[in-house]
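Undergrad: Have a look at this one.
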Amino acid sequence: MSTSAQTTDTSQWAAAFPEPKAPVHALDPSDVAQLLESHSQTNSNSNKSFLLVDVRRTDWEGGTIATSINLPAHTLYQTRPAIYQLCKQADVKTIIFYCGSSNGRGPRCAGWMQDYLNEVGEASMSSAILKGGIKGWQKKYNGKLMDWYDDKLWAQQNA
């Protein structure tokens, strides 16, 4: 999808929801990689203190960061209560959102989730964004710690 088509698509669905109010912190890819690696070195059956959420929809191709779940941005606002309950039950402390470059959908979804956490008075959980999104991750790690990585697709996108 072209950037202009993606922007138009984003503005259409996003207009149905309020603008996020809460500030969210941004994590460097190296911080997230460290979280993933430390979890994989410990008991992989143990609970993770973080959840990675890929909010891409039609541009969800080329792979995703290992352990991420895909919750397209246009569905996130209305599912925040369920996401919160699942994260609370799993003892998740940080919900990390990303999209293609984390300039639109990722920060918007992270803001919405933080707004919800603030509304319910949840101080032990926070929302964050991954700096640079999946594109920044791929550029830095070239497929490392990614599921369904497609090097041919990334080579075409980076050409």
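The values are calculated or read from the model by the stated rules, or taken from the named source; none is laboratory data. Note that the coordinates shown come from a computational prediction; the quantities given were computed from them, not determined experimentally. In this analysis, Cβ positions are derived from the backbone assuming ideal geometry, glycine residues included, and neighbour counts consider all displayed protein chains. Areas reflect the complete protein model, heavy atoms only, side chains present, ligands, DNA and RNA absent. Shrake-Rupley method; radii C 1.70, N 1.55, O 1.52, S 1.80 Å.
Undergrad: Calculate the all-directions average of the projected area of the range 22-142's alpha-carbon convex hull, and give it in nm².
TA: Value for the range 22-142: 7.1 nm².
Undergrad: Any idea what diffusion coefficient the range 72-113 gets from Stokes-Einstein, in µm²/s, Kirkwood Rh on alpha carbon pairs, 25 °C, 0.890 mPa s?
TA: The diffusion coefficient I find is 229 µm²/s.
Undergrad: Here's a follow-up. In nm, to one decimal, how far is the modelled label at S101 from the one at S49, with both set 7 Å along Cα→Cβ?
TA: Modelled inter-label distance: 3.3 nm.
Undergrad: Using only protein heavy atoms and a 1.4 Å probe, report how much of D147 is accessible, in Å² to the nearest 10.
TA: About 60 Å², ignoring ligands and nucleic acids.
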